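Presented below is the structure to which this report refers.
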Amino acid sequence: MRTAKIALAVLTLAAAGRAHEHDASAEGFLEHAYELLAARQAEKALAYMQYALDHYPLHRGLTLLYLDVLREEGLEIIAQPIYIERLGSYSDEPLILYANGFLADDDAESYEFYKETLKLDQKFAPAWVELGELALRVGADEDAANYKVRALKAGGDKSRAYALEGKLYLGAGDVEKAIKSFKRALKDSRYAPATHANLASAYLETGKAEAARDEYRAAIAVSDDRGEYYLGLGRALEETGEFAAARLAYETAFSRAYGNLRVGAEARKAAGRLAFEAGDLVTAAEYVGWAAAFMPDDAELHGYLGKLYLSIDRPDGAAAEFERAVELAPDDGEYWHLLGRSRAAAGELEAAEDALERAVELLPEGEAAEASRELEKVRALLRENET
């Protein structure tokens, strides 16, 4: 659980000072933090940086990396009191104001801190970028684009500005430009798992599944506790035909969703689909049933539940699920076909006839032929019942 992880991180931070009193160089701490991150030891990296920041509280490189790792690991709560306490202690130093904005729970509060940061230092590029991120979240793309321009003009840390630019291009549907921007962002950044994941997402949109797979793995290489990265990796692995690895990625995704219901449900849905296709019906039922409880308006999930009911000879249960599926996706001929089949198996011939007629209308020619044969069988049974 994420709460246990926070507790462990707090204990690790408390021990850091005692273990590293001999270290004096902020740059040395920063370099070792990067090494720990590359070795997937984020909590230890945070510990090193926290100790260093107790001695070098205004070191920009350490502070920015520390904040980035806190956000990536979902551990902002452990640093909030530290930076609240430091407010006013350094003559409203821009870096301290920025940190409070970065760690704030409320977007409006973050906005005010970033504005205060920029009043003191117009060239503080990360603050412009974070204002852009806030604008993106509320759909103010034009404002976000303007903040991106200000960030690039400020110079210095341009990788963040290019990452924001990539998101803007991606949102506008210009995937190729988004890819170029994300690559520029990664060129000068040693820690940017979210940018690797965004680049992977862009690659998936252009059908470059192998490149997407590699970028998701690059994100996971330094941040292996984010369910959404494993969810994306699973999708990329499916596209490359690595189905067993994809299922494992999906299962890892929902085990690391940490309260993110969307990621948990999407990952279980995908893992359940692969389990069903592999003939593992018990596991499929568990995953798909869980996902359906949180995604009641997902036609595909109801379709899989219907197929599961059919596989265990429960046509009534199957029909109920397919009824919901066609309600949600009325133009999907497959669901109408399966509804007709399940109604026929349950002996509800008139309802089966209606569903199969609709299936014949909607299905492509080859599949419609099979539905037509089933429709004729149902009609023959209805005629027999009339005589």
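With respect to the conditions (1) surrounded by fewer than 17 Cβ atoms within 10 Å (Cβ to Cβ); (2) over 26 Å from the mean Cα position of the chain (by Cα); (3) not aromatic (Phe, Trp, Tyr), residue 172 falls short on a single one, namely (2). Count of the stretch 292-320 residues, restricted to those that are over 26 Å from residue 260 (Cβ atoms) and either of a type in the set (Val, Ile, Thr) or out of contact with any Lys or Arg (no Cβ under 6 Å at 6 or more places or on another chain) (or both), is 13. Within the stretch 52-64, if we keep just the residues that are in a helix (DSSP H, G or I) and surrounded by fewer than 20 Cβ atoms within 10 Å (Cβ to Cβ), the residue that is modelled with the highest pLDDT turns out to be 64. Out of 131, 67, 75, 87, one residue alone is at pLDDT below 95 and under 22 Å from the mean Cα position of the chain (by Cα). It is 75.
Among the listed residues 38, 24, 16, 42, which satisfies the condition of being surrounded by 18 or more Cβ atoms within 10 Å (Cβ to Cβ), at pLDDT 55 or above and out of contact with any strand residue (DSSP E or B) (no Cβ under 7 Å at 6 or more places or on another chain)?
42
In the stretch 290-314, which residues are surrounded by fewer than 21 Cβ atoms within 10 Å (Cβ to Cβ), in a helix (DSSP H, G or I) and of a type outside the set (A, V, I, L, M)? Passing the criteria: 290, 294, 300, 307, 309, 311. When the residues of the stretch 153-162 are filtered to those that are assigned to a helix (DSSP H, G or I) and either touching a residue at least 24 places away in the same chain (Cβ under 8 Å) or of a type in the set (Ser, Thr, Tyr) (or both), which remaining residue is farthest from residue 184 (Cα to Cα)? Among residues in the stretch 153-162 that are assigned to a helix (DSSP H, G or I) and either touching a residue at least 24 places away in the same chain (Cβ under 8 Å) or of a type in the set (Ser, Thr, Tyr) (or both), the one farthest from residue 184 (Cα to Cα) is 154.
The values are calculated or read from the model by the stated rules, or taken from the named source; none is laboratory data. As the structure is a prediction and not an experimental result, all values here were calculated from the model. Every residue, glycine as well, gets a Cβ built from its backbone with ideal geometry; the counts of neighbours run over all protein chains shown.
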